[in-house]
Every structure is written in C-alpha cells, then in structure tokens.
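A quick write-up on the structure given underneath.
The values are calculated or read from the model by the stated rules, or taken from the named source; none is laboratory data. No experiment lies behind these values; they were computed from the predicted model shown. Please note: Cβ atoms are built from the backbone with ideal geometry, for glycine as well, and neighbour counts cover all protein chains shown. When the accessible area is computed, the model is the full protein with side chains, heavy atoms only, and any ligands, DNA or RNA have been set aside. Shrake-Rupley method; radii C 1.70, N 1.55, O 1.52, S 1.80 Å.
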Amino acid sequence: MDNPVTPRAAGRPGPRRRDRHGRGMRGPIAPPQVPLAASRAEVFADLVQDSVERLERRWPQLADVDFLVLEVPRLDGRADGGTSPGWSDESVPLGGTAPALDGRPARVVIYRRPVEIRTKGRDERAALVHEVVVEQVAEVLGLTPETVDPRYGED
C-alpha cells in the first residue's frame, strides 16, 4: 500500500459521498436555469417585476417607487409601515400602498398568498398580478387604472 488511508476521528462523521445503495447522492431535479427550479415566491416576484417593467415604459416616474412582494397583509392593515386604513373581515387586500414620507419613496405592496389563492393557473395569476399592480400604481399616481394602463379590465 503506497497511500495509506488515515482513519477518521471518532465521533466526527465526514461528508457523505454516496447514498446507502452506493449510487451517489441525488442531485437537483432540474438545473437552476430551468423554471422548475424557481420557487413559487420567485415566480411570483418575476410576475410582479414583468408588470412593473411594462408600466415603467409608459410612466417613467415609477422608477422612484418601491415595489414589494409580501406573503400576506399585516393584521393591523398597514401596507409595510404606511398609513393605509385597516381591512375588514369580509375581504383580504391583494395589494396596498404607502405614500412617500420623510424622504422615503412611495411603496406599492403586492400580497402573494391572497393573489395565489384566487387564481388557478400561471396565466390567470399573471393577469391578476398585473391588475393589482395597475390599481396600486393608479392610487400612488392619483389616476384611474384605465389611464395607467388602457388595457386594464380587458380579458
């Protein structure tokens, strides 16, 4: 034996190189660049980003607005520290806004779980995300949703 193998220190297991059947550790189901590898939260954030980019082409002042994705609305009904009124037991908001205050930019918040619960597929979810983004941007800009996006409300 030219290269003796030194025994491992007792009590310190090393990294596992193979599974118990000797075929090696399992890898990811799909490579990272494939959409399967993206989590639901990442896919949702991408839908929001696509919608925002679409609107920024028409409304350049949206570059000064922060867009956030949160899982669910806060119980006190405020949109991430904003001064929005609370929400009732009958309805859960899909989005919210916080005005620009004290040097902080205006914020638009989209709530992921309420939107996902109301949609069945990716296309339906993308359409609802865009509607919610348009409605919240309209509130921030003080315009109607139809002015912000002329295709608002079309199926």
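Close Cβ contacts (under 9 Å, 6 or more residues apart or on different chains) running from residues in region 142-155 that are in contact (Cβ under 8 Å) with a residue 40 or more places away in the chain to residues that are of a type in the set (Phe, Trp, Tyr) and open to solvent by less than 70 Å² (accessible area, probe 1.4 Å) comprise Val148/Trp59.
Among the criteria (1) modelled with pLDDT under 90; (2) within 20 Å of Leu47 (Cα to Cα); (3) not basic (Lys, Arg), the one Asp64 does not fulfil is (1).
In region 38-52, the residues that are in contact (Cβ under 8 Å) with a residue 12 or more places away in the chain and open to solvent by 50 Å² or more (accessible area, probe 1.4 Å) form Cβ pairs under 8 Å with partners that are in a helix (DSSP H, G or I) and among the aliphatic types (A, V, I, L, M), at six or more places apart or across chains, as follows: Asp50/Ala126.
Tell me whether region 3-17 contains one or more residues that are at pLDDT 75 or above and either of a type in the set (Gly, Ala, Ser) or not in a loop (DSSP other than H, G, I, E, B) (or both). No - not one qualifying residue is present in region 3-17.
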